[in-house]
Amino acid sequence: MIDYTPVVLPNIENLHEIDVYEKHGGYSHIRKALGMQPEDVIEVVKKSGLRGRGGAAFPTGLKWSFMPKDNEKPKYLAINGDESEPGSFKDRQIFEFNPHLMIEGILIAGYAMGITSAYIYIRGEYEKWVQMVEKALKDAYDKGYVGDKMKTAFSSDYTLNIYVHRGAGAYICGEESSLMNSLEGKRGYPRVKPPFPAQYGLWGCPTTINNVETIANVPLIIDKGAEWYAAIGAEKHPGPILYGISGHVNKPGVYELPSGMLLTELIYDYAGGLPGDKKIKMVIPGGSSMPPLRGEELEGIRMDAESLKAAGSAIGTAGIMVMDEDTDIVRILTRIAHFYWIESCGQCTPCREGTGWMLKVLHRIMDGQGRMSDLDLLENVASNIEGNTICALGDAAAWPVKFTVQRFRKELEEYIQQTSEVAA
Amino acid sequence: MFTEQELAHVEELKSRYPEKQAAIMGVLHIMQDKYGYIDEERATYVAELLELPPEHVLGVISFYEMYHDHPTGKYKLQVCTNVSCMLRNSDMVIATIKERLGIAMGEQTEDGLFSLHEAECLGSCGTAPMMSVNKDYHENLTPESINAAIDSIYAMEKSNNGNS
Ligand SMILES: Cc1cc2nc3c(=O)[nH]c(=O)nc-3n(C[C@H](O)[C@H](O)[C@H](O)COP(=O)(O)O)c2cc1C
Ligand code: SF4
Ligand code: FES
């Protein structure tokens, strides 16, 4: 175990209450930011090395710099709290335990980019957490930290309104362009890119989309400085990460630790290892759409974008799903394929047809009707989806299938051999 | 169809956006929570409130999982069967409910109180297995806690009926 004190989810009782948050320095970071030039705020975030926590690990400061400066139109910020990728349950912790850190991050980001209004998009099922965020927001409005009263509270010219937008159950709405359509009151179909959101986003205006956890890191960077932040964890992907560990471990949960932790250390030292000391068969390191890893090949793999890429996977949402040696991977893969089939919005043929096809083949294998050639077929269908669709849900559907077939070929062949009536 | 208070809420929702169409999801949530489902008449009412074509409202209702165009049980038991929950025995959750209420996935009890649904990941993977009962999350489920949750609903229903 390493020596680390959480900063995103610090161990402070009732930090979700505005008075407690203030007592611990809350809302002094936006004050500090307002004393800087907006470009300098972006510069600090760039230097910190902060990268998005929503899945793609895109550099946050760089993303902010895409927003046009001289612009007559309103500018929008959308905070992505859709959190629907299976295995991800971290943003919920911020809503519940440190909502003001997120709100303060939104204010700082808003000032840096000259944002007119910001929306926090929260998945519809999180009704309880929607209420928590709305309560925190109301308290911040009442104190004058958000909205027109910022003028007096911070004696600044900059003001920002922040609103909550509640989703209604659609995984695809976590994809940023779908999220914007959903916010506009439409069905959540992803948009073709370009144009990119920074040019043509919400209501045709420049828009930035950031994940909840990403934005919650911002006040810390302004407070303690880019150098402090850049020195935490992995050099190219620094900062604290909320690792969500689930599945076959003794102590599942969200663990805040530096980026670049050894996967094995997280599983064994923090999450308490596997029940019955079983071996690991498979780990999915970043939510169900990331390529699965073999249990016996985890040694040395670190949880940061570069290390995981080298290992043939990706960090995604840092939601780590652990499966022991007795896990039926055909059933797991079928369940994953079912998810992407259900959630495909159906706009692109490769995604709509491909997800259905993969599911059908997997069901066939599970039902004892699999053929050896089905494995090649699965890989083939997956490859035809990958890269051929409007949004990345297509890749998200293809990767688990493609990489499970590649990396667990022997197990899958054995499965077919043993269960199929028509194996040949 | 909406009370004055609900209409005030609609106005507040509209004020959040540059275009009132964006308030549709919030308005549909009010409708869904109030009636349990949104039929064509209710959808038309929402369309009029927001000055939208009724087809648009119907399209939005069908796109999102949480809006229903037909009634479900008064208590919707949504059991997550996605990977992290499956790994922690969501099968047990379904079996326990089946045994207790005699309903399978997609079915409803005869008294109309409960319906059983398969849910996708609800963001409780660290406290799996889980289900939601309407808006409440029930986590780290065991056969005992599932039965206790059902007991408390029966008890609440009984006392509500006694009072009326
Ligand atoms: C199918 C799909 C679902 C996604 N779901 C989420 C989500 O729930 N939350 C999230 O922050 N990002 C999600 N993303 C990524 C977003 O499109 C976007 O990259 C992210 O919100 C940007 O924020 P960041 O730069 O701070 O990471 C999803 C992407 C895809 C393709
Ligand atoms: S890739 Fe799938 S989810 Fe994305 S736009 Fe195409 S059909 Fe819809
Ligand atoms: S997999 Fe069941 S809550 Fe996430």
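A short reminder: the numbers here are calculations on the coordinates, not readings from a lab. The structure displayed is predicted, hence computed values, not measured ones. All Cβ positions, glycine included, derive from the backbone under ideal geometry; neighbour counts span all protein chains shown.
Some values worked out for this structure:
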{"quantity": "For A:243-254, mean number of other protein chain Cβ atoms within 10 Å", "calculated": "4"}
{"quantity": "Net dipole in debye of segment B:75-160 [+1 Lys, Arg Cβ; -1 Asp, Glu Cβ; about Cα centre; nearest 20]", "calculated": "140 debye"}
{"quantity": "Between helix A:409-419 and chain A: long-axis angle, C-alpha atoms, 0 to 90°, nearest 10", "calculated": "50 degrees"}
{"quantity": "Neighbour-count order for A:Val192, A:Val405, fewest beta carbons within 10 angstrom listed first", "calculated": "A:Val192, A:Val405"}
{"quantity": "GNM flexibility winner over chain A from A:Tyr121, A:Tyr21, A:Tyr145 (Cα, springs under 10 Å)", "calculated": "A:Tyr21"}
{"quantity": "Between 0 and 90°, nearest 10: helix A:212-224 axis offset from chain A longest Cα axis", "calculated": "50 degrees"}
{"quantity": "Degrees separating the helix A:373-385 axis from the principal Cα axis of chain A, which is the longest one", "calculated": "30 degrees"}
{"quantity": "Where only alpha carbons of segment B:1-136 are counted, the Rg and the Dmax (Å)", "calculated": "17.4, 51"}
{"quantity": "Dipole magnitude of the protein assembly as shown about its Cα centre (Cβ charges: Lys, Arg +1; Asp, Glu -1), debye to nearest 20", "calculated": "1060 debye"}
{"quantity": "Helix-only [θ]222 nm of chain A, DSSP H runs n ≥ 4, -39500 (n - 2.57) each, per residue, nearest 500", "calculated": "-12000 deg cm²/dmol"}
{"quantity": "For chain B, calculated [θ]222 nm from helices alone, where every DSSP H run of n ≥ 4 adds -39500 (n - 2.57)", "calculated": "-15000 deg cm²/dmol"}
{"quantity": "Sequence of B:Thr81, A:Thr404, A:Thr152 once ranked by neighbouring C-beta atoms within 10 Å, starting from the fewest", "calculated": "A:Thr152, B:Thr81, A:Thr404"}
{"quantity": "Total charge dipole magnitude, segment A:306-400, about the Cα centre, Cβ charges on Lys, Arg, Asp, Glu only, Debye to nearest 20", "calculated": "300 debye"}
{"quantity": "Taking B:Ser62, B:Ser132 and counting other C-beta atoms within 10 Å, the order from fewest to most", "calculated": "B:Ser62, B:Ser132"}
{"quantity": "Amide H within-cut-off set for A:Ile241, under 5 Å, with H built and near neighbours excluded", "calculated": "A:Leu257, A:Ser259"}
{"quantity": "Most mobile of A:Tyr340, A:Tyr158, A:Tyr243 in a GNM of chain A (Cα contacts under 10 Å)", "calculated": "A:Tyr158"}
{"quantity": "Leading residue at positive end of dipole, the protein assembly as shown (Cβ point charges), from B:Leu87, B:Gln5, A:Gly26", "calculated": "A:Gly26"}
{"quantity": "For chain A, built as a Gaussian network whose Cα springs stay under 10 Å, the top-fluctuating residue of A:Ile30, A:Ile232, A:Ile332", "calculated": "A:Ile332"}
{"quantity": "Summed residue charge, Cβ within 12 Å of B:Lys98's Cβ, Lys/Arg positive, Asp/Glu negative", "calculated": "-2"}
{"quantity": "Peptide-level mean, for B:17-29, of C-beta atoms on other protein chains within 10 Å", "calculated": "5"}
{"quantity": "Dipole of the protein assembly as shown [Lys/Arg +1, Asp/Glu -1 at C-beta], most positive-end residue of B:Ser132, A:Ile416, A:Trp357", "calculated": "A:Trp357"}
{"quantity": "In segment A:236-324, lysine pairs with alpha-carbon atoms under 19 angstrom apart (chain gap of 8 or more, or interchain)", "calculated": "4"}
{"quantity": "HN-Hα J in Hz across segment B:105-122 - Karplus 6.51, -1.76, 1.60, θ = phi - 60°, x for Gly and Pro", "calculated": "3, x, 9, 10, 6, 4, 6, x, 6, 10, 10, 10, 10, 8, 10, 7, 3, 9"}
